[in-house]
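The values are calculated or read from the model by the stated rules, or taken from the named source; none is laboratory data. None of the values given here were measured: they were computed from a predicted structure. Each accessible area value is taken on the protein alone, full model and side chains, heavy atoms only, with ligands, DNA and RNA left out. Shrake-Rupley method; radii C 1.70, N 1.55, O 1.52, S 1.80 Å.
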Amino acid sequence: MDDKELFNRIGLNIKVERTIKQLTQAQLAEIIGVHEKYIGKIETGKQNVTIKTLNRIARALNISILRLFEDKNSN
């Protein structure tokens, strides 16, 4: 898997989990202390993101950070 595929997978997983929790990008951004446009870039796979930020996102969504790396299409 190349970097772009990984960024897209992580972004999609964040978007799915955020939607399940009924949070907007702005609400998630406020919880973790970043700008909502940053969340948008992460969700679209356009932004490289640190493990620290991924951990903050996972905690805000009340999920394991590992869930952000799962391939939802491999069933």
Accessible area per residue for the chain in Å², computed with a 1.4 Å probe and the full protein assembly in place, what is it? 66
Under the Kirkwood approximation for Rh and a Cα-based Rg, what ratio Rg/Rh is obtained for the chain? 0.93
How much length would be gained if the chain were fully extended between residue 47 and residue 8, taking 0.36 nm per residue of separation minus their Cα-Cα distance, in nm to one decimal? 13.1 nm
Measure off, as a whole percent, the carbon and sulfur share of the 1.4 Å-probe accessible area of the chain, all protein chains present. 50
Quick one: how many Å² of residue 15 are accessible to a 1.4 Å probe, rounded to 10? 100
